[in-house]
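What follows is a set of notes on a single structure, which appears directly below.
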């Protein structure tokens, strides 16, 4: 064995290997719990937690709170207990604390029988101010944008709501989340029938970031093509519609897209 | 101890013969194999009509030959109790290993997220059961006619695939060909109606035939469901111009919520002249069915057709096997006639043909995330969606296979068709349970001899806003139920580190895009809520 000192055998490495294995085992056991939660098996995750002894206490506390949120039947009392635990975890500004603050916001946004959007928005704002670069804070800003666009009482009126979300955009720097926010913003403009040109620009910016897959990618490609067609930007419309055709051969909209391309060739079509 | 030669060798010989005999028995008689050596899985579905159970049974028999260590049991559950059966068994942990599910099942939108496991990674690999076929190196997902487009549309998590499909279905007119020949005689000019106007002319000839025969013959067999399928398709085909108007987002497709939101935002109503003209055509079609058809079930329509009291029955290709096997006359399969620009009633706003064929595949089976034998279940999923099994399923069920490269029997060719029309969705007759109730309960006012379009519209318009709001609320609640479990899934995936980072990112995107729809729905519900 070249590179190994004489008189040294593999058995000398055993204590070192043991040191490497022990923490990995501790992680593995909690990893099993997270795997079960990722697979929507909260009952099994709760059982796994009872046999896990060697996990980081904050990570473990987060897992316990997540199990509380995920298990059925869900009650507001159990959610209140989960919120209390999450707030305790949020006292520290680490990633576990960030995840806890985010999830506390989500409880009020989606999980309680009566949502409180203002409280949810408060959690997301606090997280973004405290740990702006955390992935949880960045995702929280996207959720804050959704609330601002549609359900928070202030700002009132579609234009003001969209302006408020435009102001959030520079703070969302993680590319996939920025892309999602651009799509949400573009679609909100279409929903409120405001500034279709800027909606198109939002979707084009989202497409430039890339990374979408499946139907979401197909929808954005087609939307850009169609909005360009409506705006008379035939060159770009053709580019996106042809891309859609190439990538989505089995989509039932292919026939309609073919008619669009034909209409552009003559510019007489009305559909 | 040394055995005496004769006794010892005889004993050994007896033992060897017994051993070989037992081994022969075990290998040649499946029933003799101890139960613990066989993995039993169950596949549950509601397609209990003629065809699919036979098709699946043939697939299971062949699979047993290939994998004697896995036994597949087919569980047939009647459609009317399927939702309750499914929910109860999933909650109780007694669900089958593979389960048919459809996103159209009311109030079940949270089921895939909670109880089914995605199979996306496997879908990107070739299906080993396609070895030796042209699909050998094709990723599993691309071995389906539609590349599993419909499943992507319905997935609870964008980018994730949860299911495999077995068949393709379309709506068609099934014709008593013998009666059609009697009606049209030897008219060399006759060709099967392609336009609505030609269909009207055939209806007139059918009435004349009935008078000649001195008995009642209807153009269309009538029943509530068959009428709903036909009417919804025809409304969609006639109102393609409204479909285009409602496509606010430029997706060239409207979902049910787009019809609900469009109505609540006053972008369409039953008072529009074009919608009223289309309702006039529905009145014409209703008059081609027996009076009181709204009270009748699918079986009644089939019976009416089978006994020669109706020339056509409008139904899905899922009924093809029953009709062809049981009818005492030759049954033809035809596409629905559609209005054209020359149509006297609806031609003025005609845009083009509606798609009556789709590459979309259906009869989707999902993997139970709590199933005890997932590996075996996935193996059977692979086999049942292989080219060999697709052919077996089609040959024994009479249903069109979802799998590429399968050979379509000539009799089913018109059932398949080509996607040569606009496909933009539809929801004029029903966008949920409440709108369906209002429309159908008042249908007699449209179809009855004393009724008409004006009476019908005057009856349903006051009720529709409330019904559409109720349907949109129901959809929002269902979406909320589907979104909730994703939060714990997202936290878990992010805590699992880089290995799950991609899936976590896709889940976050999927959830955000779905939530934007949810809040749009809530905003519309708020702005359209009745003022006190």
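Of the residues that sit in the range A:252-271 and are in contact with a strand residue (DSSP E or B) (Cβ under 9 Å, 6 or more places away or on another chain) and more than 23 Å from residue B:151 (Cα to Cα), which one is surrounded by the fewest Cβ atoms within 10 Å (Cβ to Cβ)? Among residues in the range A:252-271 that are in contact with a strand residue (DSSP E or B) (Cβ under 9 Å, 6 or more places away or on another chain) and more than 23 Å from residue B:151 (Cα to Cα), the one surrounded by the fewest Cβ atoms within 10 Å (Cβ to Cβ) is A:271. Quick one: is residue A:165 more than 10 Å from every other protein chain (Cβ to nearest Cβ) and crowded, with 21+ Cβ neighbours inside 10 Å? Yes; evaluated as a whole, the condition is true for this residue. Return a yes/no flag: does the range B:219-237 have any residue that is within 25 Å of residue B:286 (Cβ to Cβ), within 14 Å of chain A (Cβ to nearest Cβ) and within 30 Å of the chain's Cα centre (by Cα). For the range B:219-237, residues within 25 Å of residue B:286 (Cβ to Cβ), within 14 Å of chain A (Cβ to nearest Cβ) and within 30 Å of the chain's Cα centre (by Cα): present. Residue count for the range B:305-326, restricted to those that are modelled with pLDDT of 95 or more and more than 21 Å from the chain's Cα centre (by Cα): 8.
Given the condition surrounded by fewer than 21 Cβ atoms within 10 Å (Cβ to Cβ) and at positive phi, answer yes or no: does some residue in the range B:434-445 qualify? No, that holds for no residue.
Here residue B:517 does not fit the description of being more than 10 Å from chain A (Cβ to nearest Cβ), surrounded by fewer than 19 Cβ atoms within 10 Å (Cβ to Cβ) and touching a residue at least 24 places away in the same chain (Cβ under 8 Å).
Looking across the range B:119-131 at every residue that is part of a loop (DSSP other than H, G, I, E, B) and in contact with a helix residue (DSSP H, G or I) (Cβ under 9 Å, 6 or more places away or on another chain), the one that is nearest to residue B:363 (Cα to Cα) is identified as B:119.
Okay, residues lined up against (1) more than 14 Å from chain A (Cβ to nearest Cβ); (2) crowded, with 17+ Cβ neighbours inside 10 Å:
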position	(1), (2)
B:112	no, yes
B:135	yes, yes
B:140	yes, yes
B:146	no, yes
B:188	yes, no
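Condition test on residue A:180, is it touching a helix residue (DSSP H, G or I) at 6+ places or on another chain (Cβ under 9 Å), within 7 Å of another protein chain (Cβ to nearest Cβ) and either modelled with pLDDT under 95 or closer than 21 Å to residue B:352 by Cα (or both)? In short, no. Condition check: more than 11 Å from every other protein chain (Cβ to nearest Cβ) and either closer than 17 Å to residue A:120 by Cα or touching a residue at least 12 places away in the same chain (Cβ under 8 Å) (or both). Does residue A:173 satisfy that? The answer is yes for residue A:173. Applying the set (1) without any contact (Cβ under 8 Å) to a residue 60 or more places away in the chain; (2) crowded, with 22+ Cβ neighbours inside 10 Å to residue B:163 leaves exactly one unmet item: (1).
One line per residue, one yes/no per condition, for (1) surrounded by 23 or more Cβ atoms within 10 Å (Cβ to Cβ); (2) over 27 Å from residue B:527 (Cβ atoms); (3) more than 9 Å from chain B (Cβ to nearest Cβ):
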residue: A:205; (1), (2), (3): no, yes, yes
residue: A:211; (1), (2), (3): no, yes, no
residue: A:215; (1), (2), (3): no, yes, no
residue: A:222; (1), (2), (3): yes, yes, no
residue: A:225; (1), (2), (3): yes, yes, no
residue: A:237; (1), (2), (3): no, yes, yes
residue: A:243; (1), (2), (3): no, yes, yes
residue: A:246; (1), (2), (3): no, yes, yes
residue: A:250; (1), (2), (3): no, yes, no
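Condition check ((1) touching a strand residue (DSSP E or B) at 6+ places or on another chain (Cβ under 6 Å); (2) within 13 Å of another protein chain (Cβ to nearest Cβ)) across all residues:
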site: B:342; (1), (2): no, no
site: B:346; (1), (2): no, no
site: B:350; (1), (2): no, yes
site: B:359; (1), (2): no, yes
site: B:371; (1), (2): no, yes
site: B:376; (1), (2): yes, no
site: B:379; (1), (2): no, no
site: B:382; (1), (2): no, no
site: B:387; (1), (2): yes, no
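The values are calculated or read from the model by the stated rules, or taken from the named source; none is laboratory data. Keep in mind that what you see is a predicted model, and the values were worked out from it rather than measured. Backbone-built Cβ (ideal geometry, glycine too); neighbour counts: all protein chains shown.
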